[in-house]
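Report on the structure given below.
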Amino acid sequence: MTYLYIAAKFWREILIGLLAFLLLLVMALLNSEKSKLIKSEAKHQTYVVNQDKLLAQAQADAVAQEKAMTQKLLDAERNYNAQIKQITADAHAADLAADSLSKQLSEAQRRVPTATTKTIVEYIDTSADVLKACVAEYRTVAEAADGHAADARRLIEGWSE
């Protein structure tokens, strides 16, 4: 009964003490949660920095790969252009050779009628026509084959890994 009397007499002080205890308990819990939050924020900041570094590295790698691929394509294009120049020069040389051959055949055609019979003249005319047609077809096929080979090399050099 004495406890009840003391509690009734000092109820305000007891209530203040309980509230102070609860206040200290809540403050301790808040302090604990605050330290957890600070640790989580630090982890998050570390994660963000790490991800930024990884992103920068990935972007640098992508730029390096793009630069290498661009250089490879540029080299392939240069090789292709050089090959096209060579093919053009070869075609021009073939034209000159064909013209020279045509001139020789024309000269032979001019000499044969005076020295031989009409049959030989017809034979040489026919032979010259056939040879001219063969040379023209050969030139066309050679140019097409060279162009195709250059295109194939350009694609292989440009896109192979």
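Residue pairs whose Cβ atoms lie under 9 Å apart, separated by 6 or more positions or on different chains, with the first residue in the range 143-155 and closer than 14 Å to residue 90 by Cα and the second modelled with pLDDT under 80 and among the acidic types (Asp, Glu), do not occur. Here the condition is being touching a residue at least 12 places away in the same chain (Cβ under 8 Å), of a type in the set (Ser, Thr, Tyr) and part of a helix (DSSP H, G or I); of 32, 102, it holds for 102 alone.
Just to check your reading of the model, which residue among 55, 22, 18, 74 is under 30 Å from residue 157 (Cβ atoms) and either of a type in the set (Gly, Ala, Ser) or in a helix (DSSP H, G or I) (or both)?
Numbers: 55 fails: under 30 Å from residue 157 (Cβ atoms); 22 fails: under 30 Å from residue 157 (Cβ atoms); 18 fails: under 30 Å from residue 157 (Cβ atoms).
Step by step, each of 55, 22, 18, 74 is checked, and only 74 is under 30 Å from residue 157 (Cβ atoms) and either of a type in the set (Gly, Ala, Ser) or in a helix (DSSP H, G or I) (or both).
Could you look through the range 87-123, keep only residues that are of a type in the set (A, V, I, L, M, F, W, C) and modelled with pLDDT of 75 or more, and pick out the one that is nearest to residue 148 (Cα to Cα)? Steps first, please.
Of the residues in the range 87-123, the ones of a type in the set (A, V, I, L, M, F, W, C) are 87, 89, 91, 93-94, 96-98, 101, 105, 108, 112, 115, 120-121.
Filter once more, keeping what is modelled with pLDDT of 75 or more: 87, 89, 91, 93-94, 96-98.
Details: 87: 11, 89: 16, 91: 14, 93: 19, 94: 18, 96: 23, 97: 23, 98: 23 Å.
Among them, the one singled out is 87.
Considering each of 87, 6, 14, 38 in turn, give the residue that is among the hydrophobic types (A, V, I, L, M, F, W, C) and in contact (Cβ under 8 Å) with a residue 40 or more places away in the chain. Exactly one of 87, 6, 14, 38 is among the hydrophobic types (A, V, I, L, M, F, W, C) and in contact (Cβ under 8 Å) with a residue 40 or more places away in the chain, namely 87.
The values are calculated or read from the model by the stated rules, or taken from the named source; none is laboratory data. Since the structure is predicted, the reported quantities are computational estimates derived from the model, not experimental observations. Positions of Cβ are backbone-derived with ideal geometry, glycine not excepted, and every protein chain shown enters the neighbour counts.
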